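The values are calculated or read from the model by the stated rules, or taken from the named source; none is laboratory data. None of these values were measured; they are calculated from a predicted model. Here Cβ is always computed from backbone atoms with ideal geometry, including for glycine, and neighbour counts include all displayed protein chains. Note: areas computed on protein heavy atoms with side chains; ligands, DNA, RNA excluded. Shrake-Rupley method; radii C 1.70, N 1.55, O 1.52, S 1.80 Å.
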Amino acid sequence: MIGFTCLNLSAQVTKEIFESFKLQERRDVSYYFPEDYTEEKSYPLIVVLDAEYLFDLVVANVKFQSKFDRMPEAIVVGVDQLQNDFDYEDISGLPTEKGKMFYEFLGTELIPYLETSYNVAPFKMFVGYDITANFGNYFLFKDRSLFNSYISISPVLATEMESRVPARLSELDQTIFYNLIVEKQPTDDRQRVLQMNTSINS
């Protein structure tokens with residue numbers, strides 16, 4: 001059973017304490033809805049990890065871009081993170097047990113809850129930074145990707161991800177928008193990220 005407490009921050013943003021069966025813990029989850037939200041329309045869903053500092057930034061961009069008709073109005077959901085949510089095994093590159101539980105939380109609890117509660121369009125976007133950006137890649141390896149679009153900001157890549165992601169994108173019988181953003185300052189993974197970008201482009 002999913003329990004939650006709502007706190008109205010404004011007419012457009014709410015914050016919930018989401019009680020997850022999969023994680024066996026509560027999570028702070030923030031939601032943004034367009035000002036003129038109506039059940040007569042359907043809205044793309046944007047899922048933002050590291051919501052503590054990315055949620056407001058994504059919401060501001062969505063409001064600006066949709067105001068000038070550069071993108072459709074969208075629902076944005078942001079999840080605050082805890083330690084070990086996105087750890088992966090060094091050898092296999094696969095998520096640890098906690099990562100698997102968080103994967104299930106997003107795919108079988110949070111997103112289905114939104115789809116049954118609001119008029120969510122089929123198009124879904126994932127936004128992550130650093131290790132959460134890497135985590136989004138795991139959704140590519142389902143038979144059909146849960147997300148249609150990925151914004152991966154300076155990812156910290158798991159084992160062999162620089163070759164696994166391009167290979168998977170070329171295999172998927174599905175249109176995927178994959179946006180890879182690299183910061184200017186050097187990072188440990190910079191060369192691997194650039195290699196992944198080159199492979200994706202090719």
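Figures for the structure shown
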| read-out | value |
| --- | --- |
| Which of Arg168, Arg190, Arg27 is most accessible, then next, and so on - probe 1.4 Å | Arg190, Arg168, Arg27 |
| Total charge dipole magnitude, the range 124-202, about the Cα centre, Cβ charges on Lys, Arg, Asp, Glu only, Debye to nearest 20 | 160 debye |
| Distance between the range 66-126 and the range 127-202 - C-alpha centres, whole angstrom | 15 Å |
| Assigned charges on the beta-carbon of Lys, Arg, Asp, Glu; the chain dipole about Cα centre (debye) | 400 debye |
| The chain: radius of gyration and largest Cα-Cα distance (Dmax), Å | 16.8, 49 |
| Gyration tensor verdict on the range 159-202 (Cα atoms; rounded if a/c is under 1.5, prolate if a/b is larger than b/c, oblate otherwise) | prolate |
| Distance violations [Cα-Cα > 31 Å] among Lys41/Lys184; Lys15/Lys124; Lys124/Lys184; Lys63/Lys98; Lys41/Lys100 | Lys41/Lys184; Lys63/Lys98; Lys41/Lys100 |
| Spin-label model distance (nm) - Ser92 vs Leu194, 7 Å beyond Cα toward Cβ | 3.3 nm |
| More than 19 angstrom apart: percent of Cα pairs within the range 1-121 | 50 percent |
| Accessible carbon and sulfur surface of the range 104-156 relative to its total accessible area, %, 1.4 Å | 55 percent |
